[in-house]
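S.K.: One structure is given below, represented as structure tokens, and several questions about it will come after.
The values are calculated or read from the model by the stated rules, or taken from the named source; none is laboratory data. All values derive from a computational prediction rather than experimental measurement. In this analysis, Cβ positions are derived from the backbone assuming ideal geometry, glycine residues included, and neighbour counts consider all displayed protein chains. Just so you know, the surface numbers come from the protein's heavy atoms only, side chains and all, with ligands and any DNA or RNA stripped out. Shrake-Rupley method; radii C 1.70, N 1.55, O 1.52, S 1.80 Å.
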Amino acid sequence: MLHVGRRRDHAMTGHHQWKSGSLWARLQQRRRAALGSGALRPIDTGQVRIRDRGVDFLVRVVAHLADKPHAADDVRSAAANPDPFLPYDRDLFVADIGDTHLCLLNKFNVIDHHLLVVTRAFEHQESPLTLADFSAWWRCM
């Protein structure tokens, strides 16, 4: 799953610029390392198929959200800093996507390999996606 989101950062990290076709390998490598370090905290879910007006939806259901690791700490942290990517956890960093975006693993993922494409400069989540957002997403695809 690829998610395009908004964030802010002070400067380009210079961590890892990938070559075309190598993002999947880099994502898998970072995922293994983040699982090993405890930085990545998958949330166990079940799946339910729902049909509404002729359209099938696959819905993920969290079995024990109360068991989410450090949920209370995350709520306090969110109140103090509404930007969950500032600063981002370096163990979740996957790759730079040019000057405007970067890729991170979703810390509390409900599906494996959930990659976030986030902006370096703060932008409100309610603002429309830009050409730069779509360009960054396309580079990942």
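S.K.: Could you give every pair whose Cβ atoms fall below 6 Å, whose first residue belongs to segment 100-121 and is within 16 Å of residue 32 (Cβ to Cβ), and whose second residue is assigned to a strand (DSSP E or B) and open to solvent by 20 Å² or more (accessible area, probe 1.4 Å), counting only separations of at least 6 or pairs across chains?
M.R.: Pairs found: 115/2.
S.K.: Further question: Say whether the condition of being of a type outside the set (Lys, Arg), modelled with pLDDT of 90 or more and more than 26 Å from residue 124 (Cβ to Cβ) is met by at least one residue in segment 9-23.
M.R.: Yes: segment 9-23 contains one or more residues that are of a type outside the set (Lys, Arg), modelled with pLDDT of 90 or more and more than 26 Å from residue 124 (Cβ to Cβ).
S.K.: Can you name every residue in segment 44-70 that is assigned to a loop (DSSP other than H, G, I, E, B) and modelled with pLDDT of 85 or more? I'd like the intermediate steps shown before the answer.
M.R.: Initial filter on segment 44-70 (assigned to a loop (DSSP other than H, G, I, E, B)): 44, 53-54, 63-64, 68-70.
44, 53, 54 - these are the residues of segment 44-70 that are assigned to a loop (DSSP other than H, G, I, E, B) and modelled with pLDDT of 85 or more.
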